[in-house]
Amino acid sequence: MGWYSSYVFPRLCEFGLNNHRVAAHRSTLLQDARGEILEIGIGSALNAAHYPSHVRRITAIDPNPGMHRWAAARIAETGLEVDKRILSSESLPFADESFDCVVSTFTLCSIADVHQALGEVYRVLRPGGAFLFLEHGLSPDPGVARWQRRLNGLERLLADNCHLDRSVRELVAGQPFAKVEIDEFYLPKTPRTHGYFSRGQGIK
Ligand SMILES: C[S@@+](CC[C@H](N)C(=O)[O-])C[C@H]1O[C@@H](n2cnc3c(N)ncnc32)[C@H](O)[C@@H]1O
C-alpha cells in the first residue's frame, strides 16, 4: 500500500463523503442493521455514528491500514465496539452463513474483483440475512454514463481504484438474493458523474 493510498486517499474520502447529505442516507440505510454485522471497506468509519443504538458491536474489514488509523479515532468517539481487521473482501476468513447483515457503503466501486467480493458477501450471510448497500455507480442516462466512462481512468488513478462505470443494480443482481430493493437517485449538489446513488438491500 503506497503513501498516496495510506495518507492522501483517506483525506480525499473525508472530503467527498463526510457531509450531511450523505450522512442522511447512511442513517436511513443502517436503520435496518441488526444481529451479527460485517461492514466491508469501513474506511474512516463514517458509518459508526449512524448504527441504531441497539447495535453495540460490529466486525469490519478494510485492506488499507491508512484508513484503519482514521477509523480508530472516529470509533473511539462513538462507543461502538468494532472488531477491525486489515483484509480484502474478495476472500473473507469467516464461516458460511455467519452474519445477519453485511454493510457496504461506497466500497463496491473500489474493490478490485467486485464479483468475487459479492460472492463472499452472499456466502457469509445467513438465510434471511440482509446485504445493506449505499453506493455510487453508473447512471442510466446515456449522457452521464458517457462522461463517467471518459472520466473512469482518472477517477481510478486519483481515488484508489474507484470506478464510475459500475452498475450497482447489475452487481447486486449477480447474486441469487431472494429479494432486492433499490432506491436510485442523484444526490443534490453533486456532479452527476459521481452522484448517481443506489441505496438498498438484498435479502438472502
Ligand atoms: C470510498 S472509500 C469508502 C469508505 C467507507 N465505506 C465510507 O462509506 O466512507 C472505499 C473503501 O473501500 C476500501 N476497499 C478497497 N478495496 C477493498 C477490498 N478489496 N475489500 C474491502 N474494502 C476495500 C478502501 O480501502 C476504502 O476504505
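Read-outs: derived from the displayed coordinates by stated rules, not from any lab. All of these numbers come straight from a predicted model, not from anything done at the bench. Note that we place each Cβ from the backbone using ideal geometry, even for glycine, and neighbour counts take in every protein chain shown.
In table form, for the structure just shown:
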read-out: Computed [θ] at 222 nm, deg cm²/dmol, the chain (DSSP H ≥ 4; -39,500 (n - 2.57); rounded to nearest 500); value: -10000 deg cm²/dmol
read-out: Set of aspartates and glutamates near K204 by C-alpha distance (under 17 Å), chain-local residues within fewer than 8 positions excluded; value: D32, E36, E39, D96, E97, D100, E120, E170, E181
read-out: Percent antiparallel among DSSP beta bridges (both partners in segment 3-203, rounded to 5); value: 45 percent
read-out: Relative contact order computed over segment 1-159 (Cα-Cα under 8 Å; 6+ residues apart), in percent; value: 22 percent
read-out: Cα-based shape type of segment 147-201, given that a ≥ b ≥ c are square roots of the gyration tensor eigenvalues and the cut on a/c is 1.5; value: oblate
read-out: Sorted peptide list for 177-189, 58-70, criterion being average Cβ within 10 angstrom, highest first; value: 58-70, 177-189
read-out: Charge tally in the Cβ shell below 11 Å around N47, where Lys, Arg are +1 and Asp, Glu are -1, N47 excluded; value: +1
read-out: Cut-off under 5 Å, modelled amide H: who pairs with E39 long-range; value: T59, A60, I61, V103
read-out: Whole-angstrom gap from segment 1-68 to segment 152-170, using each part's C-alpha centre; value: 18 Å
read-out: Additional length obtainable on full extension of the chain from L12 to R192, 0.36 nm per residue less Cα span; value: 63.0 nm
read-out: In nm, spacing of pseudo-spin labels at W147 and I86 (7 Å Cα→C-beta vector); value: 3.8 nm
read-out: For segment 88-94, 3J(HN,Hα) per residue [Karplus equation, 6.51 cos²θ - 1.76 cosθ + 1.60, θ = phi - 60°, Hz, x = Gly/Pro]; value: 9, 7, 5, 9, 9, x, 10
read-out: Largest-first principal axis extents, alpha carbons of segment 28-100, Å; value: 30, 30, 19
read-out: A178 paired with A23, simple spin-label distance in nm, labels 7 Å along Cα-to-beta-carbon; value: 3.6 nm
read-out: Where N is the number of residues in the chain, Cα Rg divided by 2.2 N^0.38 Å; value: 0.95
